[in-house]
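A short write-up of the structure that comes next.
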Amino acid sequence: MAHTVKNISDLLLMFHRNERPIYFISATNFNLLGMDRWVNRFRYISYIDCFDGRHPNVFVPPESPHDEFESIEDINNYLLQHKDVVDLIERRGGNPVATFLMFDEKTESLAKELGMEVWFPPAKLRQRLDNKMETVRIGNKVGVLSVPNALEKVSSYASLREICDRNGLGHDLVIQSAYGDSGHTTFFIASEDDFNKYKDEIINDPEVKIMKRINCRGATLEACATQSGTLVGPLLTEVVGARELTPYKGGWCGNEVFPGAFTEDVRAKCRDMAERFGNQLLEEGYRGYFDLDFLIDQDDGEVYLGELNPRVCGASPMTNHAAHAYADAPLFLFHLLEFSGAPFDLNVREINERWAQPHFIDSWSQVVMKYTEKHVDQVTHAPATGIYHMGEDGGVSYQRFDYNRKAIDTEREAFFLRITGPGDYRYEGADLGILITRGRAMDDNFKLNLRARDWIRGIKKYYAGKPILTTQHEAAPEPGAFKIL
């Protein structure tokens, strides 16, 4: 019988000695960056080669004909049908495991054909829980409350006013549709003119989330619901809508983790809310890794539930490289443990109490750099993935290749993970890459600080593009095409 995992040492040893091939299959390896250092036989299967073939555990098959991708799910389904990927999985053998950022029922079917177990809850359940209305309802069951809201069908501006009056929400509103990235499906409505701008998106939904607008700061926290209880990671700040990084007002574009980011009261509230929400997710049939966004009212300090991401997400590299990960273990290892079938009995309360201590929080930032111009061109030169150095004058220079963000020594160094490379198209909203640094990216007013702006400007200078010939233009993605992180 398998040895029962009772503590962190058992957990680390189990994955150090792991013999099952475990794959993270996605457009890039960004979301689980560095996980191959913790798990034996862990490999990434990626569509985009961020490392120019130099990462020993990233496999990128040569391009083969495919329909235009409209989602990450499409990319994963393409990869699982690619002959070179199938050959790799068969050659490595050993009862393989698949993990994903996003997947659908077709992905599950393709994985099954390859004899792969998917170590996540079913796509159908994830889809149900990903609905912003469902998040509100799950939270309400356990007293994890959202910003005052109404979940209703809106047919006109008059019907919206009536709903708001009935629910005491006022007329300065934030409306969200059920699915989608916050930068694309969040609408700020204070007048009929505002409403008319987004009318089609709002009235075509069977139900929208209508919230009172508050003066808030966003925060995010990742957790893992297991049979031993819900483990809770550190509370991260969110970089939102920075014009140097994203064309989308309200769009997520990075995170920070640092000891003084939040008051102890706010951190305690968020941890408690995440634990209760995770335990309710177990009741709903969901287990494993998830992310919760919180909204902190700047006027009265109240903490509200924002939204649920039932998956790993863009904040995962921060969580899985935070101080607690190196002191104990990355949060994602507990997710793998939950799905491994190995018996375990962990003292989750003790782990959570330890991780809540200030010295388990160090200071790191990541910013996601999107192309912010409105035109489309083709990249002729792009910065390589690796370590960059900033001089005294704010100038940025390439130092060396590396694929480990821990290789950053000081705040004068940064790790850049390139997404858009030579030959790719740059279009409004395209992900150029991710910049990871020690220290903060924002000032005390939660605007990008000078150092972050210097880094962004310095990296962008390495990009060059050429105009697209008319005959090529159809091949370029539409502005605002799907995100891949």
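The values are calculated or read from the model by the stated rules, or taken from the named source; none is laboratory data. All values derive from a computational prediction rather than experimental measurement. Don't worry about glycine lacking a Cβ; one is built from the backbone with ideal geometry, like all the others, and counts go over all protein chains shown. Side chains included, ligands, DNA and RNA excluded: accessible areas come from the protein's heavy atoms. Shrake-Rupley method; radii C 1.70, N 1.55, O 1.52, S 1.80 Å.
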query: So what is the calculated 222 nm ellipticity per residue for the chain, using -39500 (n - 2.57) for each DSSP H run with n of 4 or more, over all residues, to the nearest 500 deg cm²/dmol?
result: -8000 deg cm²/dmol
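Report the Stokes-Einstein translational diffusion coefficient (µm² s⁻¹, integer) for the stretch 272-394, Rh taken as the Kirkwood radius over Cα pairs, at 20 °C with viscosity 1.002 mPa s.
For these conditions, the coefficient is 117 µm²/s.
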query: Measuring with a 1.4 Å probe in the full set of protein chains, what accessible area per residue, in whole Å², belongs to the chain?
result: 42 Å²
- prompt: Farthest toward the dipole's positive end in the chain, which of S146, A323, C224, given Cβ charges of +1 (Lys, Arg) and -1 (Asp, Glu) about the Cα centre?
  reply: A323
query: Excluding same-chain residues fewer than 8 positions from K132, which aspartates and glutamates have a Cα within less than 14 Å of its Cα?
result: E152, D181, D205, E207, D291, D293, E307
5 angstrom amide H check on D402, placed H, neighbours 5+ away: G386, I387
query: When the C-alpha atoms of the stretch 348-482 are aligned to their principal axes, what extent does each axis show, in angstrom, from largest down?
result: 61, 38, 31
Inter-label distance for I203 and D345, nm, one decimal - labels placed 7 Å from Cα along Cα-to-Cβ: 6.1 nm
task: Tabulate in residue order the Karplus-calculated ³J(HN,Hα) for the stretch 289-297, using 6.51 cos²θ - 1.76 cosθ + 1.60 with θ = phi - 60°, rounded to whole Hz; enter x for Gly and Pro.
output: 6, 7, 10, 10, 9, 10, 10, 9, 5
query: Taking θ as phi - 60°, what are the ³J(HN,Hα) couplings along the stretch 7-20 by the Karplus curve (6.51, -1.76, 1.60), each to the nearest whole Hz, with x for Gly and Pro?
result: 8, 4, 4, 4, 4, 4, 5, 4, 7, 5, 9, 4, 10, 7
query: For V239, which sequence-distant residues (separation of 5 or more, or a different chain) have an amide H within less than 5 Å of its own amide H, given hydrogens modelled in the peptide plane?
result: C253, G254, N255, E256
- line: Beyond 23 Å (Cα-Cα) in this structure, taken from K249/K483; K106/K249; K83/K112, we find K106/K249
query: Where q = 0.20 Å⁻¹, what log10 of I(q)/I(0) comes from the Debye formula for the stretch 31-79, counting one point per Cα?
result: -0.77
task: Binning at 5 Å from 0, report for the stretch 208-254 what percent of all alpha-carbon pair distances ends up in each bin.
output: 5, 16, 15, 18, 18, 15, 8, 4, 1
query: With θ set to phi - 60° and the Karplus curve 6.51 cos²θ - 1.76 cosθ + 1.60, what are the ³J(HN,Hα) couplings of the stretch 46-55 in order, to the nearest whole Hz, using x for Gly and Pro?
result: 10, 8, 9, 8, 6, 10, 6, x, 9, 8
task: Report, ordered by chain and residue number, the aspartates and glutamates lying within cross-link reach of K466, taken as a straight Cα distance under 13 Å and ignoring same-chain residues fewer than 8 apart.
output: D377, D424
